[in-house]
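This report refers to the structure that appears directly beneath it.
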Number of protein chains: 4
Amino acid sequence: MESIGRKRWAIAEGYIPSQSSFSDRSLVSHETACILNAGDSEAHIEITVFFADREPAGSYRVKVGPRRTLHLRFNDLTEPAPIPRDTDYASVFESDVPIVVQHTRLDSREAEVSLLSTIAYAQA
Amino acid sequence: MESIGRKRWAIAEGYIPSQSSFSDRSLVSHETACILNAGDSEAHIEITVFFADREPAGSYRVKVGPRRTLHLRFNDLTEPAPIPRDTDYASVFESDVPIVVQHTRLDSREAEVSLLSTIAYAQA
Amino acid sequence: MESIGRKRWAIAEGYIPSQSSFSDRSLVSHETACILNAGDSEAHIEITVFFADREPAGSYRVKVGPRRTLHLRFNDLTEPAPIPRDTDYASVFESDVPIVVQHTRLDSREAEVSLLSTIAYAQA
Amino acid sequence: MESIGRKRWAIAEGYIPSQSSFSDRSLVSHETACILNAGDSEAHIEITVFFADREPAGSYRVKVGPRRTLHLRFNDLTEPAPIPRDTDYASVFESDVPIVVQHTRLDSREAEVSLLSTIAYAQA
């Protein structure tokens, strides 16, 4: 399929609650960057994570195969360093081919599940 | 009315929970692509569904009449194959006339209802 | 202030639940089009409402003063006809000056409050 | 890092509930403008707040350092005046360097947490 999207994206919101009301992976509090690579070339993506009071972390490097989607949990990032919990952050995605990025949080600190989602900002 | 929108859209997020706390159709866990065709020609739309670890499914084909909206549930897609539950996916919409696409999920796995929504990504 | 925004906007999602767990106006299930007119001229806006299976309703006409915001509840529209509850709809906004439109739903069908919001689609 | 974003942003939605079910700062009802300044120059930002029935308030002035994110709570703004609670508002952000703005609300009026988020409107 013809590719769709942009090569540079930003998510200004970011916050992973340290607490959860559930132990099931699907219901643990988490943040996800949903990445779609609809094109026919593998996407090589560098993610930089920004904080309020210190220099950015990264680059985190992920690959998304051609015609694949990766719902990347920020919770799972470890290299070069885990994303701290209960901490404001933001992120920038730089890809070598066009991708689409959507940001989602599931918050289960209290007994029920709460969700937010938005398309990320695409640099024209 | 003059048409509004774009012909190519993408939703990078996608996840239909297999569980629900309610049996009423309006409260069963579901994902919807809300499609608006404000123009005066019928829209013929091909939807391709992307996964993390296998080739895309589709095309799913839907029509939206002139001056009509279709709130299409991914749960209801069957041809060529149902969308698997509890599985990460993404989608691309290709229409022959301009449309607008918005993505919404209702999650009722736990006892209360949680919602997310975002405008989809429109290819310029 | 210099105006900001566009003159044509669309919201593809639309659904007002008929039920609520609360009687307080702020917690009754509702949908809102938040309109910002940051410029120095009054905005005259025509809203057309689209349905799945019949011709559009409208135009609904609203004004937003210069340097004012109007958080317009779809629940409150009456002329030329109320928006039906428990019914899929969509909407298009046409203004004579640039405005910004954001779509929000508060759903209190069950005992807790659920929220969704997204920037609407702006025609370039 | 090369900057990303735009210099003028608008959030048409705005509403800070006066009530909360929790006293912990992270769970008090609040609205946030998440601002990312990915570039190498400090961002000087002027925020104007719009209301339904009176002239705008502001400018509120904030700085965001190079390569930093600020998750600014509207609840915390005091100069020139606090944002009234239980009141519809909207906001415009004007920066001297490109930034990205995302809008988030946490509503804990009832016993559970509800969230909404969307990318703001970026003036091209």
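The values are calculated or read from the model by the stated rules, or taken from the named source; none is laboratory data. The model shown is predicted, which means the values in this text are computed figures rather than measured ones. Positions of Cβ are generated from backbone atoms using ideal geometry, with glycine treated the same way; all protein chains shown enter the neighbour counts. For the accessible areas, the whole protein counts, side chains as well, though only heavy atoms, and no ligand, DNA or RNA atoms are used. Shrake-Rupley method; radii C 1.70, N 1.55, O 1.52, S 1.80 Å.
General observations
- For segment A:1-84, the alpha carbon convex hull comes to 109 Å³ per residue, rounded to a whole number.
- Bridgeable lysines around D:Lys63 (alpha carbons under 17 Å apart, same-chain partners fewer than 8 residues away excluded): D:Lys7.
- Amide proton proximity set for B:Arg68, modelled H, under 5 Å, gap of 5+: B:Asn37
- Local electrostatic count at D:Leu77 - Lys and Arg +1, Asp and Glu -1, tallied over other residues with Cβ under 13 Å: -1
- With the label put 7 angstrom out from Cα along the Cα-to-Cβ vector, A:Ala111 ends up 0.5, 0.5, 0.6 nm from the copy partners, going from closest to farthest.
- Volume per residue for the protein assembly as shown equals 129 cubic angstrom (convex hull of Cα atoms).
- With its label point put 7 Å out from Cα toward Cβ, D:Arg25 sits 3.4, 3.4, 4.8 nm from the same residue's point in the other copies, in order from shortest.
- Ascending distances from the D:Asp76 label point to its copies in the other chains, with the point 7 Å along the Cα-to-beta-carbon line: 3.2, 3.2, 4.6 nm.
- Placing a label point 7 Å from the Cα of D:Glu79 along the Cα-to-Cβ direction, the residues of segment D:47-66 whose backbone N falls under 19 Å from that point are D:47-49, D:57-65.
- For segment D:115-124, 3J(HN,Hα) per residue [Karplus equation, 6.51 cos²θ - 1.76 cosθ + 1.60, θ = phi - 60°, Hz, x = Gly/Pro]: 10, 9, 7, 7, 4, 6, 8, 9, 6, 6
- For chain D, the carbon plus sulfur part of the accessible surface works out to 44%, probe radius 1.4 Å.
- A DSSP coil position with no more than 16 other Cβ atoms inside 10 Å describes the following trypsin sites (Lys or Arg not before Pro) in segment A:17-124: A:Arg54, A:Arg85.
- Sequence-distant residues sharing a close amide H with C:Ile4 (under 5 Å, placed H): C:Ala38, C:Gly39
- Counting only other chain Cβ atoms within 10 Å of each residue's Cβ, the peptide A:9-20 averages 6.
- Solvent exposure of chain B as accessible area per residue, Å², 1.4 Å probe: 35
- R0 of 25 Å, Cβ-Cβ distance C:Ala111-D:Arg54: FRET efficiency to nearest 0.05: 0.10
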